[in-house]
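The values are calculated or read from the model by the stated rules, or taken from the named source; none is laboratory data. Bear in mind that the values here come from a model prediction, so they are computed numbers and not experimental data. Here Cβ is always computed from backbone atoms with ideal geometry, including for glycine, and neighbour counts include all displayed protein chains. Note: areas computed on protein heavy atoms with side chains; ligands, DNA, RNA excluded. Shrake-Rupley method; radii C 1.70, N 1.55, O 1.52, S 1.80 Å.
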Amino acid sequence: MVAGLSSLVLLCFCDSLEILNKMASDLPKLAMVSIDWDLIDLIEQNGDFDLLGIFDRADVSNLRGLNLLGSDSDWEKVKSEYAGLKIVLAIDPPHIRSKLYEHYGAENVISAISKASYISTRALLSAAIIVQRGVTIMPHAFLGTGCKIHINATIHHESKIGDFCTIAPGAQILGSVEIGAGSYIGAGAIVRQRVRIGAGAKIGAGAVVVKDVPSGQTVVGVPADRTLKREH
Ligand SMILES: CC(C)(COP(=O)(O)OP(=O)(O)OC[C@H]1O[C@@H](n2cnc3c(N)ncnc32)[C@H](O)[C@@H]1OP(=O)(O)O)[C@@H](O)C(=O)NCCC(=O)NCCS
């Protein structure tokens, strides 16, 4: 019995050592482009990567102890120092995230999917996406490359979200909606079933979209019948 107990202690000790060693060195290195603290939480909680630092044109006062690796133009140099370094794109505006995806290279950009999200096994997900905690993705929904889905957003059945769209916290995309590439859906917006939103559109926070939105337009309101005229 004593022998059994000491093996158990040894086993626990080995497990802890293994975890510590893994924390210290085994995890692949990851760099984040721009700072998103919610995404940093996700990366740490998933525990699959060791966050090496941030690429940003940075206001370094925001770093709070994070390591600044440089700006986008330093990528090749940093990559040559850390073989296998991966990238996660935190930046919110869709058109910038899309450009940075090209800059950092598709083969280097990872997806980050919270274990506290719900994703139907019938949903179809593309590469380089971010899915935050509390997100629900229902059967036969589709997420294009580079989509960023913030906390508590819901993508209902059969909706198609185009490449590099950003869906802000708590937005509800109802069933069979189509959202064109590079669109931004504001926090808490609701997009009614079967509505089509054109590429590069913006939907204001809290809007309720009940009819189609042409490409490139910004709409706000409940219902979302006010179009903002200026360039966004
Ligand atoms: C729609 C949006 C992109 C417009 O931004 P903008 O071009 O800077 O617009 P402005 O703030 O200059 O506002 C222009 C007008 O639209 C109105 N407006 C702006 N956003 C609105 C919204 N979400 N709902 C209703 N009206 C809105 C403003 O009151 C203003 O009205 P006025 O001309 O009568 O004074 C922005 O307001 C928005 O809602 N962004 C989403 C924010 C979000 O969800 N963030 C999540 C972070 S994770």
Exercise. Quick one: Gly180 ticks every box in (1) surrounded by 19 or more Cβ atoms within 10 Å (Cβ to Cβ); (2) small (Gly, Ala, Ser); (3) on the phi < 0 side of the Ramachandran plot; (4) within 16 Å of the ligand (Cβ to nearest atom) bar one, so which box is it?
Worked result: (4)
For this session: Could you tell me which numbered condition Ala153 fails, if it satisfies all but one of (1) in contact with a strand residue (DSSP E or B) (Cβ under 9 Å, 6 or more places away or on another chain); (2) open to solvent by 10 Å² or more (accessible area, probe 1.4 Å)?
Result: (2)
For this session: Would you check which residues across the range 119-150 are closer than 16 Å to Gly175 by Cβ and among the hydroxyl-bearing types (Ser, Thr, Tyr) and list them?
Result: Ser120, Thr136
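Among the residues of the range 212-220, is there at least one that is touching a His at 6+ places or on another chain (Cβ under 6 Å), in contact (Cβ under 8 Å) with a residue 60 or more places away in the chain and within 15 Å of the ligand (Cβ to nearest atom)?
So the first thing to find is which residues in the range 212-220 are touching a His at 6+ places or on another chain (Cβ under 6 Å), and the list is 218.
Pick out the ones that are also in contact (Cβ under 8 Å) with a residue 60 or more places away in the chain and you get none.
Checked the range 212-220: no residue is touching a His at 6+ places or on another chain (Cβ under 6 Å), in contact (Cβ under 8 Å) with a residue 60 or more places away in the chain and within 15 Å of the ligand (Cβ to nearest atom).
Kindly establish whether Ser126 is in contact with a Ser or Thr (Cβ under 7 Å, 6 or more places away or on another chain), open to solvent by less than 50 Å² (accessible area, probe 1.4 Å) and at positive phi. Break it down stepwise before answering.
Values: in contact with a Ser or Thr (Cβ under 7 Å, 6 or more places away or on another chain): yes; open to solvent by less than 50 Å² (accessible area, probe 1.4 Å): yes; at positive phi: no.
No.
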For this session: State whether the residues of the range 201-212 include one that is of a type in the set (Asp, Glu), open to solvent by 40 Å² or more (accessible area, probe 1.4 Å) and over 14 Å from the mean Cα position of the chain (by Cα).
Result: yes
